[in-house]
Amino acid sequence: MKIVQINAVYNIGSTGRTTAEMHEALQKAGHESFVVYSQTNVNGVENTYHMGSPLDIKIHGFLSRLSGQQGYFSVGSTRKLLKLLDHIKPDVVHLRNLHGNYVNLPMLLKYLAKKDIATVITLHDFWFITGKCVHYITEKCDKWQSQCDNCPNINNGNPSWFFDRTKKMHKDKKELFGNIPRLAIIGVSKWVTDEAKKSPISKNAVTQGIYNWIDFNKFYPRDVETLKTEKGLNDKFTILGVASGWVARKGLDSFISLAKQKKDYNFILVGNMPTNVSLPENMTAVGSLSSVDALAEYYSLADVFVTFSTAETFGKVSAEAMACGTPVVCHNQTACPEIL
């Protein structure tokens, strides 16, 4: 088969690594695999195609904030994407994260419907089935189960400065996805799958759960003492946190508060850190890691992995930590306890 994945990132963060791993696995299985992305940290990978430009993403983001509509711009880059799809003639198009301000959603979905291309959407978050929200748990909002409007989450994620267009965007998504003859919705946990089945967008779709995978050839327990020596760590109890970017939703404030309480512990945070944050002396920020081996080493050397996130559709970092032999502490919410 010819399979095209479309995702905002390739080999960056959990969705980017999942996209890259599936690309490799499909090729090994004898399929013709292609990936379209807007950002990556690797170049020259076979059958991967860059979409849009940094300027286009900024313009799309600005117009989105100004108009209140996300996914309605990037017309030129989306035309190029559709020409690429015409050339490839895929059997399946797999949609992952499309809310990175790089693709025109109506243009793409109308094309998939017109060409009757089997379409799979994976819910790494809930943007596909809501007016604009990637997560709605904090606001305890269930409007997406019927019709979004007067969004309580309007200023989060990709904020809308002036207008609430969630009613229109949700209505458009229901219509656009409803016109695709062969549509499948994949939840990356049982919790996500059960939530997706409540959406009117899933009414005419095949909806089922498929867990994110963990590559046990890359994520496995390493020698802790050797790693601590190599990284110059002492023998104090070590707590690890991992996120693509440290924001309030990922629990940065909670980590800092805990580190101040437990001054005799080591704290290590992996992921992009805001520049204006002051960290306690017993906390080390190592930034974003491009190497999977380096990430697995940090998982292995920790005594415990902690996640303060209260909105996880899967929690791949928790699963990776456990694969490296490290116990996990999490909130009893969303998919977190299920993965543990």
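With a Förster radius of 45 Å, plug the Cβ-Cβ distance of N332 and K115 into 1/(1 + (r/R0)^6) and report the FRET value to the nearest 0.05.
Working: r = 44 Å, r/R0 = 0.98.
After rounding to 0.05, the efficiency reads 0.55.
Based on the alpha-carbon gyration tensor of the range 211-292 and its eigenvalue square roots a ≥ b ≥ c, which shape applies: rounded if a/c is under 1.5, prolate if not and a/b is larger than b/c, or oblate? If you can, show how the numbers build up before the last one.
Numbers: a/c = 1.93, a/b = 1.18, b/c = 1.63.
Taking the square roots of the gyration eigenvalues as a ≥ b ≥ c, the range 211-292 is oblate.
Could you pull the accessible area for D125 with a 1.4 Å probe, rounded to 10 Å²?
Accessible surface of D125 is approximately 30 Å².
Hey, which of these cross-link pairs are over 31 Å Cα-Cα: K260/K316; K2/K168; K80/K198; K197/K218? Let's see the in-between values first.
Working: K260/K316 27 Å; K2/K168 33 Å; K80/K198 35 Å; K197/K218 34 Å.
Pairs exceeding the cut-off: K2/K168; K80/K198; K197/K218.
Give me the 1.4 Å probe accessible area per residue for the chain, excluding ligands and nucleic acids, in Å². Display every interim value, and only then the final one.
Values: 15830 Å² over 340 residues.
For the chain, the solvent-accessible area averages 47 Å² per residue.
Along each of its three principal axes, how wide is the spread of alpha-carbon positions in the range 54-122, in whole angstrom units, largest first?
The Cα atoms of the range 54-122 stretch 36, 22, 18 Å along the principal axes, largest first.
If I model the range 256-340 as equal point scatterers sitting on the Cα atoms and use the Debye formula, what is log10 I(q)/I(0) at q = 0.17, 0.18 Å⁻¹?
Computed log10 I(q)/I(0) values: -0.78, -0.87.
Using only the alpha-carbon atoms of the range 121-241 as identical scatterers, what base-10 log of I(q)/I(0) does the Debye formula give at q = 0.14, 0.17 Å⁻¹?
For the range 121-241, the Cα-only Debye profile gives -0.69, -0.84.
Check the cysteines of the chain one by one and keep only those with no other cysteine Cβ under 4.7 Å from their own.
Isolated Cys, the chain: C133, C141, C148, C151, C324.
Which of K173, K110, K262 moves most in a GNM of the chain, Cα contacts under 10 Å?
Checking each option, the largest mean-square fluctuation is seen for K262.
Applying a 10 Å radius around every beta-carbon, put 9-20, 58-69 in order of their mean neighbour count, most first. Please report the intermediate quantities before stating the final value.
On the way: 9-20: 22.5, 58-69: 17.2.
Highest-to-lowest ranking by the protection proxy: 9-20, 58-69.
Give me the net charge for the shell around Q39: Cβ to Cβ below 15 angstrom, other residues only, Lys and Arg +1, Asp and Glu -1. Could you put the intermediate results ahead of the total?
Numbers: positive: R17, K58, R96; negative: D56.
Computed value for this residue: +2.
Using alpha carbons only, how many degrees (0 to 90, rounded to 10) separate the axis of helix 13-28 from the longest principal axis of the chain?
It works out to around 70 degrees.
List every residue whose amide H lies under 5 Å from the amide H of N266, counting only residues 5 or more places away in sequence or on a different chain, with H placed 1.01 Å from N in the peptide plane.
Sorted by chain and number, the residues that satisfy this are F237, T238, I239.
Between helix 252-261 and the chain, what is the angle of the helix's C-alpha long axis to the longest principal axis, kept within 0 to 90° and rounded to the nearest 10?
So the inclination is approximately 10 degrees.
Provide the per-residue ³J(HN,Hα) series for the range 318-324, in order, calculated from phi with Karplus coefficients 6.51, -1.76, 1.60 and θ = phi - 60°, each as a whole number of Hz, with x at glycine and proline positions.
Coupling constants for the range 318-324: 5, 5, 5, 4, 5, 4, 8 Hz.
Where does the chain land at 222 nm, in deg cm²/dmol rounded to the nearest 500, when only DSSP H runs of n ≥ 4 count, each adding -39500 (n - 2.57), divided by all residues? The partial results should precede the final answer.
Values: 11 runs with 113 residues, N = 340.
One gets -10000 deg cm²/dmol as the mean residue ellipticity at 222 nm.
May I ask you to derive the FRET efficiency for L82 and D264 from their Cβ-Cβ distance with R0 = 51 Å, giving the value to the nearest 0.05?
On the way: r = 58 Å, r/R0 = 1.14.
Between L82 and D264 the formula returns 0.30.
Considering the chain as a Gaussian network with a 10 Å cut-off on Cα pairs, which listed residue, A285, A302, A113, attains the greatest mean-square fluctuation?
Result for the chain, Cα springs under 10 Å: A285 fluctuates most.
Quickly work out the N204-to-E225 label distance, labels modelled 7 Å from Cα along the C-beta direction, and quote it in nm with one decimal.
For E225 paired with N204, the spin-label model returns 6.5 nm.
Can you work out the Karplus-derived ³J(HN,Hα) for every residue in the range 31-46? Use 6.51 cos²θ - 1.76 cosθ + 1.60 with θ = phi - 60°, whole Hz, and x for glycine or proline.
Using θ = phi - 60°, the values come out as 8, 8, 10, 9, 9, 10, 9, 10, 9, 7, 10, 10, 10, x, 6, 4 Hz.
What is the P(r) of the chain, as percent of Cα-Cα pairs per 20 Å bin from 0?
Spelled out bin by bin, the chain gives 29, 58, 13, 0 percent.
What whole-number value in cubic angstrom gives the convex hull volume per residue for the C-alpha atoms of the range 1-134?
Numbers: hull volume 13.9 nm³, N = 134.
Dividing the Cα hull volume of the range 1-134 by its residue count gives 103 Å³.
Helix 105-114 sits at what angle to the longest principal axis of the chain, using alpha carbons and giving 0 to 90 degrees rounded to 10?
60
The values are calculated or read from the model by the stated rules, or taken from the named source; none is laboratory data. Treat the numbers as computed from the prediction; the structure is a model and nothing was measured. Using ideal geometry, Cβ is built from the backbone for each residue, glycine included, and neighbour counts are taken over all protein chains shown. Ligands, DNA and RNA are stripped out before the accessible areas are found, and what is left, the full protein with its side chains, is counted by its heavy atoms. Shrake-Rupley method; radii C 1.70, N 1.55, O 1.52, S 1.80 Å.
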